[in-house]
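I have placed the structure first, in the form of structure tokens, so that the comments after it can refer back to it.
The values are calculated or read from the model by the stated rules, or taken from the named source; none is laboratory data. Because the structure is predicted, anything quoted here is derived from the model rather than measured. Reconstructed Cβ throughout: ideal geometry from the backbone, glycine too, with neighbour counts over all protein chains shown.
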Amino acid sequence: MSSASQEGLTAKKGENFDEWYTQVVLKSEIADYSPVSGCVVFRPSGYAIWENIQKETDAQLKKSGVSNTYFPLLIPERLLKKEAEHVEGFAPEVAWVTQTGDSKLDERLAIRPTSETLMYEVVSRWIRSWRDLPLRLNQWNNVIRWEFKHPTMLLRSREFLWNEGHSLFATREEADAERDVVMGIYRRMTEEWMALPGYFGRKSRSETFAGAEATYCIEHLLPDGKAIQGPDWHADGQNFSKAFEITFVDKDGNKQFAYQNTWAISTRELGVMLAVHSDDRGAVVPPRLAAVQVVLVPIMNDESKQAVLAEAAKLLGALSRFRTILDDRDHLTPGRKFNQWELKGVPLRVEFGPRDMKERQAVLVRRDTGAKRVVKAAAIEDEVEKELEEIQASLYRKASDALSKNTHQADTMGELKKTLGQKGGIVQIPWCEDAECEAKLKQETGGVVLNVLLDTEKGKCIVCGKGSSHRANFGKSY
């Protein structure tokens with residue numbers, strides 16, 4: 001086997017999704033394995049994508065009134081235990097520091113699975129009056145959750161990167177109003193930047209964040225027919241403020257407990273994005289997030305090299321406002337370069353050689369469709385901008401069409417089982433939100449309630465026949 005063929009993918013997306021996905025992540029040089037099982041190394045191009053997600057999300061959060069902060073990685077055990085439901089939910093996933101050198105610690109320290117308990121011990125000292133509220137904080141950090149399920153690169157890892165938002169309000173109404181602000185930011189990021197559609201809704205009680213009153217999230221669908229949870233927002237009510245004595249004096253001079261929310265978007269989205277958009281030639285990355293948006297590939301020989309590279313410098317200058325690189329390596333053929341950049345997922349390739357110089361033109365090649373078109377060199381900046389915008393929009397349209405095609409309706413248990421068995425995907429069902437009915441659904445189908453849609457019609461529960469206020473998204477899930 002040649003080195004060129006070894007660089008490419010050997011698995012097919014439609015035949016062996018798991019192997020294909022792993023090859024996409026590794027061979028595109030987005031990420032690599034760590035010596036610790038379940039942890040991921042972000043390679044420069046992969047981390048650049050995360051930085052672009054982080055940068056834009058951060059700007060939108062700050063515009064909405066959020067301030068960044070940072071709290072330590074280690075949490076004393078006594079604090080983790082303060083909110084009973086919270087610690088019970090995370091106990092199986094917590095990694096502990098018990099010793100430094102040869103000395104045993106007097107108290108175990110949890111490696112941050114999430115920061116509520118540490119933050120609120122400190123924040124309780126900052127709030128005295130209603131004038132100190134709202135307090136809306138965010139930190140960009142890493143967390144460790146020692147998953148016992150099979151790790152999958154980026155999609156289910158033991159360490160991941162995220163934004164961790166924590167907000168405190170004087171009233172429940174103010175706290176509840178934040179949901180649409182934060183989830184609006186997350187929806188813009190997933191749809192307009194990652195080109196990822198999804199269903200927004202409320203998680204079932206059994207799937208609600210540990211310690212919260214309600215969890216709202218975006219659910220995505222992967223090409224293997226399984227759903228995966230995306231960004232989320234949790235209404236914590238006064239559960240944590242009562243556990244950590246986060247109180248304030250209101251306008252009438254009365255002592256009150258604060259209302260709190262928490263919210264996050266993580267590097268899981270990077271994995272979802274790759275899984276949805278990529279193909280059998282390698283990664284496909286939306287232009288707005290790609291580490292490199294445009295690659296210039298000169299076609300030259302020894303005789304034309306000097307003239308072609310001079311023209312390349314002009315084109316590179318004309319495309320300076322995009323993330324553009326020039327591949328002037330002379331030890332690889334143009335075809336080999338094409339394959340490498342396709343594998344890495346660069347959205348747009350610009351080819352030019354002696355004939356193009358003569359005609360004062362260049363050839364644009366789209367990564368998503370492979371379509372080629374010739375443009376005038378003098379207009380290349382505007383033409384590249386148009387092409388990148390169309391690629392971004394096209395990726396979202398294609399993903400939305402796939403989600404719609406793989407979303408089904410069922411009104412009886414028989415229909416649900418048949419649809420899941422034959423078609424997979426997401427099945428929208430009427431459900432009364434009773435825990436016993438949820439357990440029966442899971443037991444009989446192997447699927448789970450993904451989230452409850454907020455704007456659907458009433459019906460009769462698919463399990464017990466009682467009235468249901470909304471339809472729920474149901475399916476197999478990561």
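Okay, residues lined up against (1) among the aliphatic types (A, V, I, L, M); (2) out of contact with any strand residue (DSSP E or B) (no Cβ under 6 Å at 6 or more places or on another chain):
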| residue | (1), (2) |
| --- | --- |
| LYS305 | no, yes |
| GLU311 | no, yes |
| ILE325 | yes, no |
| ASP328 | no, yes |
| LYS337 | no, no |
| PRO354 | no, yes |
Only one of GLU147, GLU107, GLU173 that is assigned to a helix (DSSP H, G or I) and out of contact with any Leu (no Cβ under 9 Å at 6 or more places or on another chain) = GLU173
Here are ALA362, ALA402: which of them is in a helix (DSSP H, G or I) and of a type in the set (Gly, Ala, Ser)?
-> ALA402
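So that you can scan it fast, the table gives a plain yes or no per residue for (1) modelled with pLDDT of 95 or more; (2) assigned by TED's automatic domain parsing to the domain that holds LEU364; (3) closer than 23 Å to GLY14 by Cα; (4) among the acidic types (Asp, Glu):
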{"position": "TYR396", "(1), (2), (3), (4)": "yes, no, yes, no"}
{"position": "GLU415", "(1), (2), (3), (4)": "yes, no, no, yes"}
{"position": "GLY425", "(1), (2), (3), (4)": "yes, no, yes, no"}
{"position": "GLN428", "(1), (2), (3), (4)": "yes, no, no, no"}
{"position": "VAL452", "(1), (2), (3), (4)": "yes, no, no, no"}
{"position": "LYS458", "(1), (2), (3), (4)": "no, no, no, no"}
Note down all Cβ pairs under 7 Å where the first residue falls in segment 305-334 and is closer than 29 Å to GLU7 by Cα, the second is of a type in the set (Ser, Thr, Tyr), and they're at least six residues apart or on different chains.
-> LEU316/THR324
Given the conditions (1) without any contact (Cβ under 8 Å) to a residue 60 or more places away in the chain; (2) closer than 22 Å to LEU161 by Cβ; (3) surrounded by fewer than 23 Cβ atoms within 10 Å (Cβ to Cβ), which single one is not true for PRO231?
-> (3)
Consider ASN16 carefully, then state whether it is without any contact (Cβ under 8 Å) to a residue 24 or more places away in the chain, assigned by TED's automatic domain parsing to the domain that holds ARG188 and surrounded by 12 or more Cβ atoms within 10 Å (Cβ to Cβ).
-> yes
Residue within segment 49-67 that is farther than 29 Å from GLY184 by Cβ, outside any helix (DSSP H, G or I) and either at pLDDT 95 or above or not assigned by TED's automatic domain parsing to the domain that holds TRP263 (or both) present | no
State which residue is farthest from LYS442 (Cα to Cα) when the search covers only segment 462-478 and only residues that are under 32 Å from the mean Cα position of the chain (by Cα) and part of a loop (DSSP other than H, G, I, E, B).
-> SER469
Would segment 431-440 turn up any residue that is crowded, with 20+ Cβ neighbours inside 10 Å, free of Cβ contacts under 8 Å to residues at least 60 places away in the same chain and closer than 30 Å to GLY345 by Cα?
-> no
Return the pairs, sorted by first residue and then second, in which the second residue is acidic (Asp, Glu) and assigned to a helix (DSSP H, G or I), the first residue lies in segment 116-144 and is more than 19 Å from GLY89 (Cα to Cα), the beta carbons are less than 9 Å apart, and the residues are 6+ apart or on different chains.
-> TRP126/ASP132; LEU133/GLU174; PRO134/GLU174; PRO134/GLU178; ARG136/GLU178; ASN138/ASP58; TRP140/ASP58
Given (1) part of a strand (DSSP E or B); (2) in contact (Cβ under 8 Å) with a residue 40 or more places away in the chain, GLN99 misses just (2)
Could you count how many residues in segment 388-429 are free of Cβ contacts under 8 Å to residues at least 12 places away in the same chain and touching a His at 6+ places or on another chain (Cβ under 6 Å)?
-> 1
Provide a single number: the residues in segment 368-392 that are assigned to a helix (DSSP H, G or I) and either exposed (fewer than 14 other Cβ atoms within 10 Å of the Cβ) or not aliphatic (A, V, I, L, M) (or both).
-> 11
List every residue pair whose Cβ atoms lie under 9 Å apart, where the two residues are 6 or more positions apart in sequence or sit on different chains, the first residue falls within segment 184-202 and is closer than 14 Å to LEU403 by Cβ, and the second residue, located anywhere, is among the basic types (Lys, Arg) and not in a helix (DSSP H, G or I).
-> MET194/ARG288; ALA195/ARG288
Checking LEU296, LEU319, LEU326 in turn, the sole residue that is within 27 Å of SER45 (Cα to Cα), among the hydrophobic types (A, V, I, L, M, F, W, C) and touching a Pro at 6+ places or on another chain (Cβ under 9 Å) turns out to be LEU326
